[in-house]
Structure formats: C-alpha cells, structure tokens
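So the structure is just underneath, and the comments pick up after that.
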Amino acid sequence: MRKKNQANFITQAKLPTQYGEFTIHVFENEGQEHLVLTMGDFKADDVVLTRVHSECLTGDGLFSLRCDCGPQLAYAMDKIAKKQQGMIVYLRQEGRGIGLTEKIKAYHLQDQGFDTFDANVKLGHLPDNRSYDMLANVFSHFGIKKVKLMTNNPEKIRSIESQGVEVVDRLPIQAGHNIHNKHYLQTKKDKFLHLD
C-alpha cells in the first residue's frame, strides 16, 4: 500500500447540487488533487456522517452499471443532505488506485471472465492499491475526531482508526445492485472481505 500522508488545503467554494448546497474543498497530496464536500458546521464533539469515496469516472460520471460506485456516492450525498451535516472525502484513486486506462484494461479482462481482484493482479498491480493515509490531515483540518462512516469496506475503518479518528458507528451502503455487477459485488465480499 502506498504511503500518502500529507494533505495540503488549497481552496474552497460553494457547490450547489441536486441534493442541496455543499462546500467543495480542494486538497493536494503528492501532486494529486483530492476533493472534500461538506455540509453544515462541525463542532469538536460531533460524530460526523462521513463517506470516503474513491474516484470512479465510469460509475460516478458515466453511470456505468459494472459497479455500485455512482449509487453509493448518490446515497451518501442524499444522507448528508437529509441530516444537513456531513462530509464526503473524494479521493482521486481511480480503479482501486491503478488509474483509468489500467481500469479499462481490467474491464477487458473481466469481459473475458476474470474478476476485479484477478484482473488487477494479471495486469501487474496489487488487487487494491488505494491509500487512505492522508485522511488524518483532512479530518484535522475540519476539527473532526469522531465519524459515523458510510462504508462496507473494513480497510477504511482500520485505516481511519489507526490515524487517531474514532469510527463510532458504521452505516452500510446497499445501493446500486443490478444484474451487471452481481459478480463484482460478490468478489468484493469474497476477496476484498467487504461487509454487508
């Protein structure tokens, strides 16, 4: 797993969306720009509803049915909007950290019968090359010490807690299931050990 510890705040602006108005913040880490969407104010003792979401252009922007990324992001934005408080950390690590082109190559292998895990390995990558090591800087910037994490991924919980932020509760995300991603979702459970 790559080490990406330092996140430097760059700028922020208002971001009106179909879910309401967020504030979008830009952080820089090792030459890569990452985004944070926030809604509401955070007090030191708040348990902040949080989603850590890795970029998925095909799912988030092109509405692909091969994954559940777009629906998970929409679910998180909707939950935060209903509470009128929360944050989404949008990490620019496409394709489990292998990049867009390599992800499409992995898609090609999946078309031939490989699963997500084995396709990445066949291409010479780790099954999951994402890093969450910069989250401590992000949470510290906003004064957040406790979160309620929207995730099915136990690695995110471990990483956040190892950086000194308490995951008080986990909110499972069951969104975006369809006939096209059934095998993909099962692979996340079987090989990436995702939770229900």
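The values are calculated or read from the model by the stated rules, or taken from the named source; none is laboratory data. No experiment lies behind these values; they were computed from the predicted model shown. A quick note on method: Cβ atoms are made from the backbone with ideal geometry, for glycine too, and the neighbour counts reach across all protein chains shown.
Taking the range 166-196 as the range and being aliphatic (A, V, I, L, M), part of a loop (DSSP other than H, G, I, E, B), surrounded by 12 or more Cβ atoms within 10 Å (Cβ to Cβ) and at pLDDT below 75 as the test, only 195 passes. On the stretch given as the range 113-137, residues that are free of Cβ contacts under 8 Å to residues at least 12 places away in the same chain and either within 19 Å of residue 190 (Cβ to Cβ) or touching a helix residue (DSSP H, G or I) at 6+ places or on another chain (Cβ under 8 Å) (or both) total 4.
Across the range 1-17, the number of residues qualifying as exposed (fewer than 11 other Cβ atoms within 10 Å of the Cβ) and either in contact with a Lys or Arg (Cβ under 8 Å, 6 or more places away or on another chain) or within 12 Å of residue 134 (Cβ to Cβ) (or both) comes to 1.
Take residue 131 and decide whether it is in contact with an Asp or Glu (Cβ under 8 Å, 6 or more places away or on another chain), surrounded by 15 or more Cβ atoms within 10 Å (Cβ to Cβ) and under 13 Å from residue 52 (Cβ atoms).
Details: in contact with an Asp or Glu (Cβ under 8 Å, 6 or more places away or on another chain): no; surrounded by 15 or more Cβ atoms within 10 Å (Cβ to Cβ): yes; under 13 Å from residue 52 (Cβ atoms): yes.
Considered against the rule, which asks whether it is in contact with an Asp or Glu (Cβ under 8 Å, 6 or more places away or on another chain), surrounded by 15 or more Cβ atoms within 10 Å (Cβ to Cβ) and under 13 Å from residue 52 (Cβ atoms), residue 131 comes out as no.
Considering only residues in the range 71-89 that are in contact (Cβ under 8 Å) with a residue 40 or more places away in the chain and aliphatic (A, V, I, L, M), the one that is surrounded by the fewest Cβ atoms within 10 Å (Cβ to Cβ) turns out to be 74.
Looking at the range 126-165, which of the residues that are assigned to a strand (DSSP E or B) and of a type outside the set (A, V, I, L, M) is nearest to residue 65 (Cα to Cα)? Quick ask: steps written out before the conclusion?
In the first step, residues of the range 126-165 are kept if they are assigned to a strand (DSSP E or B); the result is 146-150.
After this cut, where a residue has to be of a type outside the set (A, V, I, L, M) as well, the list is 146, 148.
Values: 146: 33, 148: 27 Å.
Top of the filtered list is 148.
In this entry, residue 130 passes the filter for residues that are within 14 Å of the chain's Cα centre (by Cα) and at pLDDT below 95.
Here are 20, 31, 59: which of them is in contact with a Cys (Cβ under 7 Å, 6 or more places away or on another chain), of a type outside the set (Lys, Arg) and either surrounded by 14 or more Cβ atoms within 10 Å (Cβ to Cβ) or without any contact (Cβ under 8 Å) to a residue 60 or more places away in the chain (or both)?
59
Those residues that are at pLDDT 95 or above and at positive phi, I need them from the range 14-47; list them, please. 20, 40, listed by residue number. Residue 92 meets each of the listed conditions (1) within 21 Å of residue 37 (Cβ to Cβ); (2) touching a helix residue (DSSP H, G or I) at 6+ places or on another chain (Cβ under 7 Å); (3) basic (Lys, Arg); (4) in contact (Cβ under 8 Å) with a residue 40 or more places away in the chain apart from (2).
For residue 77, the criteria (1) assigned to a helix (DSSP H, G or I); (2) under 24 Å from residue 161 (Cβ atoms); (3) at pLDDT 95 or above hold in every case but one, which is (2).
Looking at this structure, is residue 90 within 18 Å of the chain's Cα centre (by Cα), on the phi < 0 side of the Ramachandran plot and of a type in the set (Phe, Trp, Tyr)? Explain how you work it out, then say what you get.
Working: within 18 Å of the chain's Cα centre (by Cα): yes; on the phi < 0 side of the Ramachandran plot: yes; of a type in the set (Phe, Trp, Tyr): yes.
In short, yes.
Reported count of residues in the range 34-56, each being surrounded by fewer than 20 Cβ atoms within 10 Å (Cβ to Cβ), in a strand (DSSP E or B) and over 14 Å from the mean Cα position of the chain (by Cα), is 1.
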